[in-house]
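The values are calculated or read from the model by the stated rules, or taken from the named source; none is laboratory data. Keep in mind it's a predicted model, so treat the numbers as computed, not measured. All Cβ positions, glycine included, derive from the backbone under ideal geometry; neighbour counts span all protein chains shown. The accessibility values were calculated without ligands, DNA or RNA, using every heavy atom of the protein model including side chains. Shrake-Rupley method; radii C 1.70, N 1.55, O 1.52, S 1.80 Å.
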Amino acid sequence: MDDSSDGGATAGGTKKKPSAAAAKGKATGKGKATSKAAPKAKESSLLKQKSPAEFFAENKNIAGFDNPGKSLYTTMRELVENALDSAESISELPDIEITIEEITKSKFNTMIGLVDRERVDEALYDDFESSKAREKRLAKEARFQETQAKNAALGKKVKDTPAARGKGRGEASFFRVTCKDNGRGMPHEDIPNMFGRVLSGTKYGLRQTRGKFGLGAKMALIWSKMSTGLPIDIKSSMKGQDYITFCRLDIDIHKNVPHIHLHEKRENNDHWHGAEIQVIIEGNWTTHRSRILHYMRQMAVITPYAQFLFRFLSDAAEKNLTIKFARRTDVMPPVPLLTKHHPSAVDLLLIKRLITDTTKPNLLQFLQHEFVNISKAHADRLIGEMGPDFSAKTTVNSLTSQQLVRIHQLFRQAKFDDPSGNCLSPAGEYNLRLGIIKELHPDLVATHASSPQVFEGHPFIVEAGVSIGGKDVKQGLNIFRFANRIPLLFEQGADVITRTALKRINWSIYKINQQQDKIGVFVSIVSTKIPFKGTGKEYIGDDITEIADAVKSALKQCCVQLKSKIVKKLQAREQQDRKRNLNKYIPDVARTIMETLGELADESPPKRPRFDKEDEELLEKINSEEVTEMTFRDCLTQHVEQVDYEMALEYAMQSGVSEEPREAIYLNSLEGSYKFVDFQSPAFVFRFIP
């Protein structure tokens, strides 16, 4: 009792002095309480740090690796987009081969040298089904079959037998994903860091890019390491190189550095250039098959100048699949250009980074050369507005934190010209129209491209297309969304394009039936900054007025064009129906006229003339059979044609659609090593070769 009260409090609340033994224990570190608490205190005081690779491995859903099925889709998508960027960067028409090969668990185990083992304790596994559960399931299936048999006997609709749902996660499925392109290739020395170091790459900077996070194939490698433990294989060769680089590597997640297994040069006898990337991952083809194929189809729409060969290989022959998306044109959009920041779009951190990276010594030159739309005169005015502590010769490295805040505040309040869209690379109306026609085969199609517009200091361009009818198109609205020329397939409901098409366009006033017609809605937005929402960056928010208005305007322009074409089709159809109805009665009318005039001609000549001279001549021609029933038929047919033409012309003039909207032809600037000039319009390209 005495020991337990040492160092404690008395009943009255007064403290007792610690015993000598307890004090000695504290001093020497031999006290029990102290010996337990000290390591804990030490551990809690240690700060831990995660590498970028470790962060994305733990939060893989941010990069689109939510589950095995989505991971397979995202891996394929990242490799395809990298391949397109690589080919376009050297103005090479993309030729891309994608192969997804299914690897069974047994084959995978053989690859890694693991011997298959039969189950010993079935009840240990997650998918174990007890005898009682099995009886219950079989009884339910029997009742379902009995109900369906009764429905079939009564002529009612018979449902398919529902697939059995196991309790467990099921067998893991593995896939070898290979993507080969004819692009730029990669330098031999840079390949390990390009694939094995997260947040390192060549696409950083203010420009229009396809990537969402700058991860590319790095995240596929992280997923491969997490799901299979296998490295990634890379082959690459640049134009003019006489060797092919082969690199096999994985990534040290904790250190964010590449772990190289093999890095060598091989002969390049075929003078091939490009890259071939192969990675083995866990995936689910069944759940994401339609998404993958839908992605490839949409990519063929937005890049008709590319050729894609997609293959799915499996031991089950009925699952094998080969689809070729052929190239339709050799007209490519220009390469997106690196641009400078607009003053209204920067924050304090960015200003500090620009100051650190700039080569300009004073404030005047810094403002002129690090930002767009600031001339020397404008820079002088801005510096004068900043206050007496600023001058044109102030060195940027000497600016204090307070001065940087003043510059930032002035940037947010001052008036600047909008940035131009010269740095952007839209698909082009011609390519968009070709892609829609190539993949959907619609009855009617219209396209429109907006002029460059601005939100928060970033330029953007909206291209839209609307089609009616087509192959494999469902009734109603079929919405295809693109951002920086890549398809967006997930989280469609909250997207600005979806909401605009569903709620802000009155389709009926354009003679389009939103419920019954097969309507394809295509909208592509390109910008130096796509305002994605959500962690997965799969949709563009509806809260940016400038983009919402531009999307609505572009779709309305397409609808105006379609209305002109639809009205003309309706007019032609009505004309055909009118002619058909009139022509149907011509024989009866001609016969009746002939019979009536024949009776008049057969009558005895009256004492007083009953008809004028022309009528008398007509009756004489009938008597002499110079005019017959066929004569009346021919005359009536000609009259119907004439009246029909006049009515159609009057209807067209009243409708105001006697002429389709005219579209300007523009001259495409020369890029790369082109030896010709393209005159483009939405409907055609005229190529002039000097």
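Values as computed for the structure displayed
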| item | result |
| --- | --- |
| Among the residues listed as S524, S508, S467, the single one being within 13 Å of the chain's Cα centre (by Cα) and either closer than 16 Å to K565 by Cα or buried (at least 22 other Cβ atoms within 10 Å of the Cβ) (or both) | S524 |
| Failed condition for D549, given (1) under 27 Å from E429 (Cα atoms); (2) in contact (Cβ under 8 Å) with a residue 24 or more places away in the chain | (2) |
| Where E370 falls short, out of the listed (1) buried (at least 17 other Cβ atoms within 10 Å of the Cβ); (2) more than 30 Å from A300 (Cβ to Cβ); (3) touching a residue at least 40 places away in the same chain (Cβ under 8 Å); (4) among the acidic types (D, E) | (3) |
| When residues of the range 322-340 are limited to those that are in a strand (DSSP E or B) and closer than 25 Å to G428 by Cα, the one least open to solvent (accessible area, probe 1.4 Å) | F325 |
| Residue match in the range 638-658 (condition: surrounded by 14 or more Cβ atoms within 10 Å (Cβ to Cβ), on the phi < 0 side of the Ramachandran plot and modelled with pLDDT of 75 or more) | yes |
| Which listed residue is under 16 Å from the mean Cα position of the chain (by Cα) and surrounded by fewer than 20 Cβ atoms within 10 Å (Cβ to Cβ), from Q557, Q575, Q516, Q492 | Q492 |
| Members of the range 283-338 that are more than 30 Å from G421 (Cα to Cα) and of a type in the set (F, W, Y) | W285, F310, F312, F325 |
| Filter result (of a type in the set (S, T, Y) and touching a residue at least 40 places away in the same chain (Cβ under 8 Å)) within the range 316-345 | T329, T339, S344 |
| Count of the range 453-464 residues which are touching a Ser or Thr at 6+ places or on another chain (Cβ under 6 Å) and either open to solvent by less than 10 Å² (accessible area, probe 1.4 Å) or part of a loop (DSSP other than H, G, I, E, B) (or both) | 4 |
| Helices (runs of 4 or more DSSP H) completely within the range 45-127 that count 1 or more residues being buried (at least 22 other Cβ atoms within 10 Å of the Cβ) and assigned by the TED database to the domain that holds H254 | 52-58, 68-88 |
| Residue check, L597 assigned by the TED database to the domain that holds M630 and farther than 30 Å from E617 by Cβ | no |
| Single condition K319 does not satisfy, out of (1) farther than 24 Å from S398 by Cβ; (2) touching a His at 6+ places or on another chain (Cβ under 6 Å) | (2) |
